[in-house]
Amino acid sequence: MMMKNMLTIFLATAAFILPNVANAAEHTIKAGARAFENDILYVAEGDSVHFSNMNSHNSVSVEGLIPEGATPWAGGMGENVQAHLEKPGIYAYVCQPHIGFGMVGVIIVGDVTADDIAAYKQKAMDTLKGPFRRLLGKINKIKPTK
């Protein structure tokens, strides 16, 4: 009887978790000479983003400009890195050596409202310094999804 109960719990848990895993998509952001292709990307919760063609680039999430509790990422120079985006919200990222050229981007996970975007923009304006302020141009282009 105990084995039957354990099996039932396992199957119920799997039924809840597996659809989310099965529906997760993988997206690619490709590094160009001085810009990311897909520098503004909309994805669903649980999706992954793969940064490719990073020969002379890196991809680093910007501290303070990813959702609370989200996992940051920091790829080394030339490293094709993958970010797993479990938390909804807006994630800012940069290529550290090429920020001055505007090699920055944002990933929008799940739904965001105009108010969410305005609050994120204000937070960015309050915290970003120097060439990191180039992210403001990308943030200004984010469109509400609900």
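A short reminder: the numbers here are calculations on the coordinates, not readings from a lab. Since the model is a prediction, treat every value here as computed from it, not as a measurement. Heads up, the Cβs are rebuilt from the backbone with ideal geometry, glycines too, and the neighbour counts pull from every protein chain shown.
Couple of notes before you dig in:
- Residues (of a type outside the set (A, V, I, L, M) and not in a loop (DSSP other than H, G, I, E, B)) located in region 58-79: Ser61
- Taking region 95-109 as the range and being among the small types (Gly, Ala, Ser) and surrounded by 19 or more Cβ atoms within 10 Å (Cβ to Cβ) as the test, only Gly105 passes.
- Every residue from region 75-101 that is closer than 14 Å to Val60 by Cα and touching a residue at least 60 places away in the same chain (Cβ under 8 Å): Cys95, His98
- Positions within region 112-146 being charged (D, E, K, R), farther than 23 Å from His57 by Cβ and surrounded by 14 or more Cβ atoms within 10 Å (Cβ to Cβ), in sequence order: Asp116, Lys121, Lys123
- Residue count for region 76-94, restricted to those that are over 9 Å from the mean Cα position of the chain (by Cα) and crowded, with 20+ Cβ neighbours inside 10 Å: 1
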